[in-house]
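Chemist: My structure is below; once you've seen it, I'll send some questions.
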Amino acid sequence: MSNIYCPECEAEIDLAADTFVNEIVVCPDCGIDLEVLSLDPPEVAPAPMEAEDWGE
Amino acid sequence: MIRVSIVGASGYSGGELLRLLLSHPEVEIAQATSRSHLGEYLYQVHPNLRKRTSLKFSDPASLEPCDVLFLALPHGKAQLEINRYADLAPNIIDLSADFRLRSPKLYQQWYGNSHAAPEWLDRFVYGLPELHRDQIRQAHYISGVGCNATAANLALLPLVKAHLIDPEKPVVIEIKVGSSEGGAEGNPGTHHPERSSVIRTFSPFGHRHTAEVIQESGINQVIMTMTSVDLVRGALATVHASPAMGVTTKNLWRAYRETVNENPFLRLVKEQRGIYRVPEPKILTGSNYADLGFDFDEEHHHIISICAIDNLMKGAAGSAVQCMNLMLGFAETLGLEFPGLHPI
């Protein structure tokens, strides 16, 4: 397990030991989808998220 | 067990205090007074308390000594008898507006008449633990908080504390409120055909709670607009402010995260998916939580901060019980852990 920081909100994120490259993880604070770009060193980047208008 | 009494227990805030204190593990309710409902069972006025207590409303003139006295009287009444109340209890928590403002001059300016006990104003601590936790722990006299002021002050808290807004620019606060804020006494405006389905801006500026926001935030230029909406409980504050030089979205994240981490009843709601992406009062009904959220238009230099509360809880009785917990050395969250309902 390794720690990284969310590029959006700087929350600390624990990457589980079985995390794999290209996996999508969710930031526990801001909820953004993050794609795991590499594991050594750990690196993530915002992944595209579907835009929604809540039906408004 | 701590013996507490409530003066003016037949109103909505009094009823909410009773609901909380009847379930509080360290408290025994000695008396609940009401002139207008003298001799009636509490549950005849507060029907949710049926089978929870066999107490009856007692005469305020027959108030006996107790450990903590809650005053839930209409504004202007507590100041008239504060000396008598202080003789009866070493600890007083007054939910009205009587002891919220530190200055008699400010009180006269916002409430339109001179204060009947100005020498007491300095002895009260403003009862919002998120702003005055350490002072409340040492205090014997706590003022209540205005519900709208609470939503506004909590929305401002991370911004003010981290110096993220430009103090030279005005702060505009839009408040939407439910009908229970008007209290248990009706008036023509609360008559159901007139109140139902409204979105009614009843105070474009100059609402009395603005004074508490100015006093507690330290911001001089505050414009607060009050709009009643078709809710029974709930208040939502939307703050519009200008950022200080160089502020970024990450500064805001840090400030909000720090604030919610320091305060057990503050939660950050800023979600990327789902329905509840921003704070909403709906899911806070009956809860002492205050949900905070923010957004930042970096291009146009504009911060939006949002706070949702249940006006009768975090905006009145919930904060009062939280203050009692702090004053008496109990766990701050004791008896206040209810998270609200979903769906509701």
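The values are calculated or read from the model by the stated rules, or taken from the named source; none is laboratory data. Computed from a predicted model, the values in this text were never measured in an experiment. Neighbour counts run over all protein chains shown; Cβ positions are idealised from the backbone, glycine included.
Chemist: Scan region A:1-52 residue by residue and report those that are of a type in the set (Gly, Ala, Ser), in a strand (DSSP E or B) and farther than 30 Å from B:TYR276 by Cβ.
Modeler: Within region A:1-52, A:SER2, A:SER38 qualify.
Chemist: I would also like to ask the following. Just give me the residues in region B:1-47 being polar (S, T, N, Q) and part of a helix (DSSP H, G or I), in sequence order. Don't jump to the end; show me each part of the working.
Modeler: Taking region B:1-47 and keeping what is polar (S, T, N, Q), we get B:5, B:10, B:13, B:23, B:31, B:33-34, B:36, B:44.
Selection gives B:SER13, B:GLN44.
Chemist: If a residue has to be assigned to a loop (DSSP other than H, G, I, E, B) and closer than 25 Å to B:SER179 by Cβ to count, how many in region B:211-253 make the cut? Even if it seems obvious, please write down each step before you answer.
Modeler: Taking region B:211-253 and keeping what is assigned to a loop (DSSP other than H, G, I, E, B), we get B:218-221, B:229-234, B:242, B:244-248.
Going one step further and asking which of them are closer than 25 Å to B:SER179 by Cβ, we end up with B:229-234.
So the answer is 6.
Chemist: Just to be sure, is A:GLU50 under 22 Å from B:LEU252 (Cα atoms), modelled with pLDDT under 95 and within 11 Å of chain B (Cβ to nearest Cβ)?
Modeler: On the way: under 22 Å from B:LEU252 (Cα atoms): no; modelled with pLDDT under 95: yes; within 11 Å of chain B (Cβ to nearest Cβ): yes.
Against the criterion (under 22 Å from B:LEU252 (Cα atoms), modelled with pLDDT under 95 and within 11 Å of chain B (Cβ to nearest Cβ)), A:GLU50 does not qualify.
Chemist: Something else: Considering only residues that are within 14 Å of another protein chain (Cβ to nearest Cβ) and at positive phi, which ones fall in region B:217-264?
Modeler: The initial filter retains those residues of region B:217-264 that are within 14 Å of another protein chain (Cβ to nearest Cβ), namely B:248-261.
Selection gives nothing.
Chemist: Kindly indicate the residue of region B:265-297 that is over 22 Å from B:SER13 (Cα atoms) and more than 14 Å from chain A (Cβ to nearest Cβ) and also surrounded by the most Cβ atoms within 10 Å (Cβ to Cβ) among those meeting that condition.
Modeler: Going residue by residue through region B:265-297, those that are over 22 Å from B:SER13 (Cα atoms) are B:267-279, B:292-297.
Now drop any that are not more than 14 Å from chain A (Cβ to nearest Cβ), which leaves B:279, B:297.
Numbers: B:PRO279: 29, B:ASP297: 11.
Once the filter is applied, the top-ranked residue is B:PRO279.
Chemist: A further question on this structure: Filter region A:34-47 for residues that are out of contact with any Ser or Thr (no Cβ under 7 Å at 6 or more places or on another chain) and surrounded by 17 or more Cβ atoms within 10 Å (Cβ to Cβ); which is farthest from the other protein chains (Cβ to nearest Cβ)? Quick ask: steps written out before the conclusion?
Modeler: First, the residues of region A:34-47 that are out of contact with any Ser or Thr (no Cβ under 7 Å at 6 or more places or on another chain): A:34-35, A:37-38, A:40-41, A:43-47.
Add one more test, that the residue is surrounded by 17 or more Cβ atoms within 10 Å (Cβ to Cβ), and what stays is A:34, A:44.
Numbers: A:LEU34: 11, A:VAL44: 15 Å.
Among residues in region A:34-47 that are out of contact with any Ser or Thr (no Cβ under 7 Å at 6 or more places or on another chain) and surrounded by 17 or more Cβ atoms within 10 Å (Cβ to Cβ), the one farthest from the other protein chains (Cβ to nearest Cβ) is A:VAL44.
Chemist: Inside region B:161-189, can you point out the residues that are modelled with pLDDT of 95 or more, crowded, with 21+ Cβ neighbours inside 10 Å and not in a loop (DSSP other than H, G, I, E, B)?
Modeler: Correct list: B:ILE165, B:VAL171, B:ILE173, B:ILE175, B:LYS176, B:VAL177.
Chemist: Give the number of residues within region B:153-170 that are out of contact with any Ser or Thr (no Cβ under 8 Å at 6 or more places or on another chain) and not charged (D, E, K, R).
Modeler: Kept after step one, since they are out of contact with any Ser or Thr (no Cβ under 8 Å at 6 or more places or on another chain), are these residues of region B:153-170: B:154, B:162-164, B:167-168, B:170.
Add one more test, that the residue is not charged (D, E, K, R), and what stays is B:154, B:162-164, B:167, B:170.
Of the residues in that region, 6 qualify.
Chemist: Return only the number of the condition from (1) in contact with a strand residue (DSSP E or B) (Cβ under 8 Å, 6 or more places away or on another chain); (2) hydrophobic (A, V, I, L, M, F, W, C); (3) away from chain A (no Cβ under 14 Å) that B:LEU341 does not satisfy.
Modeler: All conditions pass for B:LEU341, except number (1).
Chemist: Same structure, new question: Scanning for something away from chain A (no Cβ under 14 Å) and in contact with a helix residue (DSSP H, G or I) (Cβ under 6 Å, 6 or more places away or on another chain), does region B:197-204 turn up at least one residue?
Modeler: Looking for residues that are away from chain A (no Cβ under 14 Å) and in contact with a helix residue (DSSP H, G or I) (Cβ under 6 Å, 6 or more places away or on another chain), one finds none in region B:197-204, hence no.
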